[in-house]
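Just below is one structure, and these are the notes that go with it.
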Amino acid sequence: MKDLELTEISGLRDFLALNVVRVKPRQRRFTKNVVLSWMQSRHPAVSFYRIDWQGQLVGYVMLIHASQPTQWIIERLTIHQDFQRQGLGYAVADQLIDMIHGFENSEMVIARYEPENLAARKLFDKLQFVQQEELFRDRHVAVLKFEFEDVEDEDDDSDEAGAVENDRDEISGDEEDRIDSPADDDDDKEDD
């Protein structure tokens with residue numbers, strides 16, 4: 001999307017500026033206090049981005065490097081109520097996916113959100129994330145795996161299919177620490 005900018009922030013003053021981002025009353029239960037987000041951003045695996053569109057602050061999003069080095073987690077994607085339903089949530093998530101895809105050894109993006117957050121589910125479905133059947137710490141998990149264009153022989157393809165199944169088992173909740181992150185004990189939100 002034209003004129004969309006993600007800027008990583010870390011200072012408390014930058015986080016307090018995010019207080020102008022407002023969501024609709026029914027979406028408030030999916031949001032977190034920006035001071036809490038600032039405290040969580042102190043962890044080296046967490047990056048927090050301010051979202052600007054056409055030079056105006058319109059939202060924020062958190063990106064977490066999961067405990068598995070090839071996995072990244074998108075959460076707390078929040079767009080100001082006056083700018084929702086304009087494709088900004090999709091554009092932000094798409095930009096983050098492109099950015100993650102460029103990271104060395106990145107293979108998977110995980111989106112986490114509250115089970116009741118239907119807007120988040122629709123957004124990540126549209127981005128071709130695959131919903132997981134089981135919840136992860138009471139949150140829905142959707143997964144996008146990168147498909148690289150490496151040419152492999154047929155024997156390698158069959159091994160790869162087994163590896164994908166094993167990855168899905170890891171994030172199904174049986175081994176929660178596989179996608180554990182510093183913000184796991186908090187509620188998530190994505191509002192678009």
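The values are calculated or read from the model by the stated rules, or taken from the named source; none is laboratory data. Computed from a prediction, not measured in an experiment: that's the story for all the values here. Every residue, glycine as well, gets a Cβ built from its backbone with ideal geometry; the counts of neighbours run over all protein chains shown. All accessible areas refer to the heavy atoms of the entire protein, side chains included, with ligands and DNA or RNA removed. Shrake-Rupley method; radii C 1.70, N 1.55, O 1.52, S 1.80 Å.
Results for (1) in a strand (DSSP E or B); (2) open to solvent by less than 30 Å² (accessible area, probe 1.4 Å), shown as yes or no for each residue.
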position: Leu57; (1), (2): yes, yes
position: Met62; (1), (2): yes, yes
position: Ile74; (1), (2): yes, yes
position: Leu77; (1), (2): yes, yes
position: Tyr90; (1), (2): no, no
position: Ala93; (1), (2): no, yes
position: Asp98; (1), (2): no, no
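With (1) crowded, with 21+ Cβ neighbours inside 10 Å; (2) at pLDDT 90 or above; (3) touching a His at 6+ places or on another chain (Cβ under 9 Å) as the list, and Tyr113 as the residue in question, which single condition is left unmet?
(2)
Quick one: which residue in Tyr60, Tyr49 is of a type outside the set (Asp, Glu) and in contact with an Asp or Glu (Cβ under 6 Å, 6 or more places away or on another chain)?
Tyr49
From the residues in the stretch 21-42 that are open to solvent by 90 Å² or more (accessible area, probe 1.4 Å) and not in a loop (DSSP other than H, G, I, E, B), which one is farthest from Gln81 (Cα to Cα)?
Out of the qualifying residues, it is Met39.
List every residue pair whose Cβ atoms lie under 7 Å apart, where the two residues are 6 or more positions apart in sequence or sit on different chains, the first residue falls within the stretch 76-90 and is touching a residue at least 24 places away in the same chain (Cβ under 8 Å), and the second residue, located anywhere, is part of a helix (DSSP H, G or I) and of a type in the set (A, V, I, L, M).
Leu77/Val92; Leu77/Ala93; Ile79/Leu88; Gly89/Leu123; Tyr90/Leu123
Among the numbered conditions (1) open to solvent by 10 Å² or more (accessible area, probe 1.4 Å); (2) touching a helix residue (DSSP H, G or I) at 6+ places or on another chain (Cβ under 9 Å); (3) at pLDDT below 90, tell me where Gly102 comes up short.
Going through (1) open to solvent by 10 Å² or more (accessible area, probe 1.4 Å); (2) touching a helix residue (DSSP H, G or I) at 6+ places or on another chain (Cβ under 9 Å); (3) at pLDDT below 90 one by one, Gly102 breaks only (2).
Name the residue that is surrounded by the most Cβ atoms within 10 Å (Cβ to Cβ), counting only residues in the stretch 3-20 that are in contact (Cβ under 8 Å) with a residue 12 or more places away in the chain and charged (D, E, K, R).
So, considering only residues that are in contact (Cβ under 8 Å) with a residue 12 or more places away in the chain and charged (D, E, K, R), the one surrounded by the most Cβ atoms within 10 Å (Cβ to Cβ) is Asp14.
Are any residues in the stretch 1-26 within 21 Å of Leu88 (Cα to Cα), at pLDDT 90 or above and not charged (D, E, K, R), and if so, which ones?
Hits for the stretch 1-26 are Leu4, Leu6, Thr7, Ile9, Phe15, Ala17, Leu18, Asn19, Val20, Val21, Val23, Pro25.
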